[in-house]
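The values are calculated or read from the model by the stated rules, or taken from the named source; none is laboratory data. What you see is a predicted model; the values in this text were computed from it and never measured. All Cβ positions, even for glycine, are placed from backbone atoms using ideal geometry, and neighbour counts span all protein chains on display. The area values use the complete protein model at the heavy-atom level, side chains included, leaving out ligands, DNA and RNA. Shrake-Rupley method; radii C 1.70, N 1.55, O 1.52, S 1.80 Å.
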Amino acid sequence: MATKSLQKRESDLANSNRQLDILSNGIFKNGELPTFKNKISETGHFPLKAKKLEILQINVGYMCNQVCDHCHVDAGPDRKEIMTRDTMRECLEVIKNTGAHTLDLTGGAPEMNPDFRWFVEEAAKAGIKDFIVRSNLTIIRANKKYYDLPEFFKKHNVHVVSSMPHWTRGKTDKQRGDGVFDKSIRALQDLNAIGYGIPGSDLRLDLVYNPSGAFLPGDQVAMEKDFKKALKDDFDIQFHNLFAITNLPIARFLDFLIASENYEDYMYSLVEAYNPTAVENVMCTNTLSISWDGYLFDCDFNQMLNLPVNSKSKHISEYNEELLEGRNIVISQHCYGCTAGAGSSCQGVVA
Ligand code: SF4
Ligand code: SF4
């Protein structure tokens, strides 16, 4: 279990160029596997183009109370990149004027940004239809100052989306750290107690599953059923939907793949599972990701690989929805993670 980010460990892989080198060379350079560009060209999907913006995803900082093994953000307590209130103000201008129906706040642990509550209060006034906060659950029980987060979320009608890799303590703690399971269960009970996740309730509570090793997620519908039964039977916990997400080969998951000598096999399994129907709905076609310092990316993964949008509008201060619509999406081999099997996005499967 990692205790420090790749950046703090001064790992080679903390450098996004090093990650892109790995993803472009070896089995992709020597032709053993087709590049993502060649693969989507075969099915007539190149270039991938952005359609009308529907989801604005804002990363308010890479600081987190956890250091999960698979984290694509390389987040942790040692990361200091945090969105300032000035950049939040620029985001608010865009939130008020965008046609997007969903606002999605992510991190790190977004709640650790000192201006998080101010930002949520201001953003909620814009009346966006679906206001998501990605909460890792343990933050709610990490410190007394966070205990009232469920009430705060309820007050602003926030849709809570939380990671929960398994319904057993062993598998959850292995991926996310000792004690994570018990804290997550307690946080879910707190959320249920005020109405989150209860069938028929407008207070949405969804869980995110991602595999703990070098394999693809199973069927989302079947897993949701298993999760619901186990969490209800064992802890009387309820939630609305389960999103099954594929781990993309970047940051700490790439580090894990290389260290465990699974990198090539994993890339083979992603390429073999390529699904042309999924490529039509990959999330970058209707989403825009904003980094803690206000730069624009096609998705959170491209943000972590430092691959900015292919548009004249590159920063939230010069945001122009018309210019951004129709842009060519920036791709590399990590994109195979979004098109394998039933596909994968921040909202689960796409095909
Ligand atoms: S996966 Fe989520 S909870 Fe875990 S370290 Fe990364 S941002 Fe934090
Ligand atoms: S990784 Fe990002 S750019 Fe690539 S297909 Fe997935 S969402 Fe699109």
Handout entry: Residue-normalised accessible area of segment 223-307, given per residue in Å² at a 1.4 Å probe
Key = 37 Å²
Handout entry: Hits among lysines - C-alpha to C-alpha of Lys96 under 27 Å, sequence gap 8 or more where chains match
Key = Lys49, Lys51, Lys52, Lys125, Lys129, Lys154, Lys155, Lys312, Lys314
Fill in the blank from the handout: Of every hundred units of 1.4 Å-probe accessible area on segment 1-76, the number belonging to carbon and sulfur atoms, as a percent, is 46 percent
Problem - Listed residues Gly341, Leu207, Asn275: farthest to the positive end of the dipole of the chain (Cβ charges) - result: Leu207
Exercise for the section: Return the loop-located trypsin sites (Lys or Arg not before Pro) in segment 95-142 (DSSP other than H, G, I, E, B) with at most 16 other Cβ atoms within 10 Å of their own Cβ; answer none if there are none. Expected result: Lys125, Lys129
Practice task
Just subtract the alpha-carbon distance of Ala273 and Glu261 from 0.36 nm times their residue separation and send over the number in nm, one decimal.
Solution key: 2.3 nm
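Pull up the DSSP beta bridges for the chain and report the antiparallel fraction as a percent, rounded to 5. Provide the component values of the computation, followed by the final result.
Working: 8 of 33 bridges.
That works out to approximately 25 percent antiparallel.
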Problem - Helical contribution to [θ] at 222 nm, DSSP H n ≥ 4, -39,500 (n - 2.57), averaged over the chain, rounded to 500 - result: -9500 deg cm²/dmol
Practice task
Using only protein heavy atoms and a 1.4 Å probe, report how much of Lys29 is accessible, in Å² to the nearest 10.
Solution key: 150 Å²
Completion exercise
Note on segment 233-351: C-alpha Rg/Rh, Kirkwood Rh, two decimals, gives 1.03
Practice task
Taking the dipole about the Cα centre of the chain, with the C-beta of Lys and Arg at +1 and of Asp and Glu at -1, give me whichever of Ala123, Ala2, Val161 is farthest to the positive side.
Solution key: Ala123
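Round to a whole number: what % of the accessible area of segment 143-260 belongs to carbon and sulfur, probe 1.4 Å? Working shown, then result.
Values: 2640 of 5160 Å².
It is 51 percent, rounded to a whole number.
When the solvent-accessible surface of protein heavy atoms is calculated with a 1.4 angstrom probe, in what order do Lys183, Lys52, Lys144 fall, highest first?
Details: Lys183 90, Lys52 115, Lys144 160 Å².
The ranking, largest first, comes out as Lys144, Lys52, Lys183.
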Exercise for the section: Work out the FRET efficiency for Lys129 and Arg89 from their Cβ-Cβ distance, taking R0 = 22 Å, and round it to the nearest 0.05. Expected result: 0.50
Completion exercise
By accessible area (1.4 Å), largest first, His334, His45 order as His45, His334
Problem - Exposure rank, largest accessible area first [Thr3, Thr277; 1.4 Å] - result: Thr3, Thr277
Exercise for the section: Starting from the eigenvalues of the Cα gyration tensor, five times each then square-rooted, give me the equivalent ellipsoid semi-axes of segment 266-305, largest first, whole Å. Expected result: 25, 14, 4
Problem - Residues of type lysines that Lys8 reaches as a straight line, Cα spacing below 25 Å, ignoring anything fewer than 8 places off in the same chain - result: Lys80, Lys174
Exercise for the section: Could you check how many percent of all C-alpha pairs in segment 287-330 are farther apart than 14 Å? Expected result: 35 percent
Practice task
Report the antiparallel proportion of the DSSP beta bridges in segment 49-151 as a percent, rounded to a multiple of 5.
Solution key: 10 percent
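What's the longest uninterrupted piece of the chain once you rule out the chymotrypsin sites (Phe, Trp or Tyr not before Pro) that are loop residues per DSSP with at most 14 other Cβ within 10 Å?
Numbers: sites that count: Tyr147, Phe215.
Between exposed loop sites, the widest span is 1-146.
Compute, for segment 199-321, the length of the dipole vector about the Cα centre, with Cβ point charges of +1 (Lys, Arg) and -1 (Asp, Glu) only. Units Debye, rounded to 20.
Working: 8 positive and 19 negative charges, 47 e Å.
Here the size comes out at about 220 debye.
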Exercise for the section: Compare Ser289, Ser184, Ser317 in a GNM of the chain, Cα atoms joined below 10 Å, and give the one with the largest fluctuation. Expected result: Ser317
Completion exercise
Under Stokes-Einstein, the chain at 10 °C and 1.306 mPa s, with its Kirkwood radius over C-alpha pairs, diffuses with a coefficient in µm²/s of 78 µm²/s
Exercise for the section: Take the Cα atoms of segment 1-156, find their three principal axes, and give me the spread along each one in whole Å, biggest first. Expected result: 54, 40, 25
Handout entry: Simple Cβ-charge dipole of the chain, Lys/Arg +1 and Asp/Glu -1, about Cα centre, in debye nearest 20
Key = 480 debye
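Work through the residues other than Ile329 whose Cβ is under 9 Å from its Cβ and net out their charges, Lys, Arg +1 and Asp, Glu -1. If you can, show how the numbers build up before the last one.
Details: positive: Lys49, Arg327; negative: Asp298.
Result for the local shell: +1.
Can you pull the percent of Cα pairs in segment 39-88 with separation above 15 Å? Don't skip to the answer; put the middle values down first.
Working: 812 of 1225 pairs.
Counting pairs separated by more than 15 Å, the tail of P(r) holds 66 percent.
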